[in-house]
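Working notes for the structure below.
The values are calculated or read from the model by the stated rules, or taken from the named source; none is laboratory data. Here the structure is a predicted model, which means the values were calculated and not measured. Glycine also receives a Cβ, built like all others from the backbone with ideal geometry; neighbour counts cover every protein chain displayed. In case anyone asks, the SASA skips ligands and DNA or RNA and just uses the protein heavy atoms, side chains included. Shrake-Rupley method; radii C 1.70, N 1.55, O 1.52, S 1.80 Å.
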Amino acid sequence: MTVQLSTALRNSLLDQYEAFIGTSAILKIRSGTQPATPETADSGTVLVTVNAPSDWMAAAASASKAKAGTWQDPSADATGTPGHYRLYASDGVTCHEQGTVTLTGGGGDMTLDDMSITAGQVVTITSWTKNWP
């Protein structure tokens, strides 16, 4: 038998996700292969740093929760090709999530407007959504 959760419970779990990580999360897009786990040391070069808004995710609905507002780095940190992202608490050190990065429509965990980053360019996160199955 498969365990099933109500949509209300899945929404609550997704809202707790944002509450646990805390306000003003920091997203870093890095070159290279992502580490084995979020607890593993960082790898690659930081290409993009986004200081997420204080309330960085929309309220969960229909067991889905998306980024809130515009997530943008007005001046990329370095030149390179994104390999993965890591999401940190506001301290910029405690990593709670990592995943793949692709162009919009590419099927990654997070999508960008450009996969060829040049230091100083504006980089926009086009989509990032969490779903609770």
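Summed over segment 103-123, the residues that are open to solvent by 30 Å² or more (accessible area, probe 1.4 Å) and either among the hydroxyl-bearing types (Ser, Thr, Tyr) or within 9 Å of the chain's Cα centre (by Cα) (or both) give a count of 4. If you go through segment 48-87 and keep only what is hydroxyl-bearing (Ser, Thr, Tyr), under 17 Å from residue 14 (Cα atoms) and not in a loop (DSSP other than H, G, I, E, B), you end up with just 64. Would you confirm whether any residue within segment 83-91 is modelled with pLDDT under 95, out of contact with any Lys or Arg (no Cβ under 9 Å at 6 or more places or on another chain) and farther than 12 Å from residue 125 by Cβ? Yes, the conditions are met somewhere in segment 83-91.
In segment 116-125 there is at least one residue matching the filter, namely being touching a strand residue (DSSP E or B) at 6+ places or on another chain (Cβ under 8 Å), outside any loop (DSSP other than H, G, I, E, B) and free of Cβ contacts under 8 Å to residues at least 60 places away in the same chain. Just one residue in the set 44, 32 is surrounded by 18 or more Cβ atoms within 10 Å (Cβ to Cβ), touching a His at 6+ places or on another chain (Cβ under 9 Å) and at pLDDT 95 or above; that residue is 44. Can you confirm whether segment 69-89 contains a residue that is among the hydrophobic types (A, V, I, L, M, F, W, C), more than 16 Å from residue 34 (Cα to Cα) and open to solvent by 30 Å² or more (accessible area, probe 1.4 Å)? Checked segment 69-89: no residue is among the hydrophobic types (A, V, I, L, M, F, W, C), more than 16 Å from residue 34 (Cα to Cα) and open to solvent by 30 Å² or more (accessible area, probe 1.4 Å). All of (1) assigned to a loop (DSSP other than H, G, I, E, B); (2) in contact with a strand residue (DSSP E or B) (Cβ under 8 Å, 6 or more places away or on another chain); (3) open to solvent by 40 Å² or more (accessible area, probe 1.4 Å) hold for residue 92 with one exception: (3). Checking every residue in segment 49-56 against the condition of being over 30 Å from residue 3 (Cβ atoms) and either open to solvent by less than 20 Å² (accessible area, probe 1.4 Å) or in contact (Cβ under 8 Å) with a residue 40 or more places away in the chain (or both) gives at least one match.
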